[in-house]
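Scroll down for the structure; my scribbles are underneath it.
The values are calculated or read from the model by the stated rules, or taken from the named source; none is laboratory data. Note that the structure is a prediction, hence the values are computed from the model and not measured. Here Cβ is always computed from backbone atoms with ideal geometry, including for glycine, and neighbour counts include all displayed protein chains. Only protein heavy atoms, including side chains, enter the accessible area calculation; ligands, DNA and RNA are left aside. Shrake-Rupley method; radii C 1.70, N 1.55, O 1.52, S 1.80 Å.
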Amino acid sequence: MTERRPLIAGNWKMNCLRADGLALASSLAAKASEKGELGCDVLVCPPATLLSEVAGVTKDSAVAVGGQDCHAAISGAHTGDLAAPMLADIGAQYVLVGHSERRADHGESSTDIRKKATSAHDAGLIAVVCVGETEEERDLGATLSVVNGQVAVSLPDGATAQNTVVAYEPVWAIGTGRTASVQEVAEVHAAIRAELVARFEDGDQFRILYGGSVKPSNAAELLGVEDVDGALVGGASLKVDDFWKIIEACA
Ligand code: PEP
């Protein structure tokens, strides 16, 4: 079986004013430095206002920084957006693309996501491509076709295990306190793995994260599921102790 180093990623979403965000990033960086060798890679994705300063605070630690989204273009007349090279320029190593909140709030399609992922790759960033079914789609029995369809269209041909991470996040489990069962997670992750292996030479090496109400109490169980190579964490990433417990569940 291929060894994949887990990734624990925190998505701060539209939370944290400067003082709270910098305190959170500093405590996390301090904990990581104190611990030394970690059992996983660690990433935080702060809001755009804090990216540069959080990148400064975490610079010499094992905590990487990522954007929550990027535009597909590298520059131009796109008010309010950020280009992938801008994220790379301030020291980001990753960017989330296709989070369900972007797909829902901004009408982003998988075709849009593929263009964003390509732009991220061109800028030297690792794209964390998010996919996941709505509750209605799950109730209709369409989970695997929806998720596999999103993976097929959202990942560009240039994706590799080095420049791309897939995050499976059932929409009904994000921010709701509801988590997919171990069986549900295993089934979807196996289907994503099969899709990746069929399409990419190094498909068995891509990391596939689970996201959706991951917390300290369920992290070890979810991270123990086959083909779960880490977690994308929203709410619980805003409390350093909770996020740290999830990181430690990887060890
Ligand atoms: C997310 O934002 O990607 C997420 C999974 O949020 P939460 O952990 O709060 O469900």
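Quick note on segment 119-229: its Rg to Rh ratio, both from C-alpha atoms and Rh being the Kirkwood radius, is 0.96. If you take every residue apart from Glu248 with its C-beta less than 10 Å away from the C-beta of Glu248, what net charge results, scoring Lys and Arg +1 and Asp and Glu -1? After counting each charged neighbour, the total is +3. Toward the positive end of the charge dipole of the chain, with +1 on the Cβ of Lys and Arg and -1 on the Cβ of Asp and Glu, the farthest Cα among Val95, Asn163, Gly80 is that of Gly80. Have a look at Ala23, Ser109, Ala198 and report the one farthest towards the positive end of the charge dipole of the chain, computed about the Cα centre with Cβ charges (Lys/Arg +1, Asp/Glu -1). The residue sitting farthest along the positive end of the dipole is Ala23. Here, the chain yields an orientationally averaged convex hull projection of 12.3 nm² when only Cα atoms define the hull. Count Lys and Arg as plus one, Asp and Glu as minus one, and take only other residues whose Cβ is under 14 Å from that of Cys70; the net charge is then -2. Think of segment 166-244 as having a plus end and a minus end, set by charges on the Cβ of Lys, Arg, Asp and Glu; of Leu209, Trp172, Ala231, Trp172 sits farthest toward the positive end of this dipole.
Put a plus charge on the Cβ of each Lys and Arg, a minus charge on the Cβ of each Asp and Glu, and nothing anywhere else: the dipole of segment 120-164 about its Cα centre is then about 200 debye. Plainly put, segment 1-84 has a radius of gyration that is 1.04 times its Kirkwood radius, both from alpha-carbon atoms, as the Rg/Rh ratio.
By the rule of a C-alpha distance below 25 Å, with chain neighbours fewer than 8 residues away ignored, the lysines paired with Lys239 are Lys13, Lys31, Lys35, Lys59, Lys215.
Accessible surface calculations at 1.4 Å, restricted to protein heavy atoms, place the chain at 44 Å² per residue. If R0 is 41 Å, the Cβ-Cβ spacing of Glu201 and Ala19 corresponds to a FRET efficiency of close to 0.30. Which percent of the accessible area of segment 8-106 is formed by carbon and sulfur heavy atoms (probe 1.4 angstrom)? Whole-percent figure for carbon plus sulfur exposure: 52.
The dipole here belongs to segment 165-251: it is taken about the Cα centre, uses +1 on the Cβ of Lys and Arg and -1 on the Cβ of Asp and Glu, and is about 340 debye.
Once the chain from Ala220 to Asp105 is taken as fully extended at 0.36 nm per residue, the excess over their C-alpha distance is 38.3 nm. A simple charge model with +1 on the Cβ of Lys and Arg, -1 on the Cβ of Asp and Glu and nothing else charged puts the dipole of segment 38-157 at about 280 debye relative to its Cα centre.
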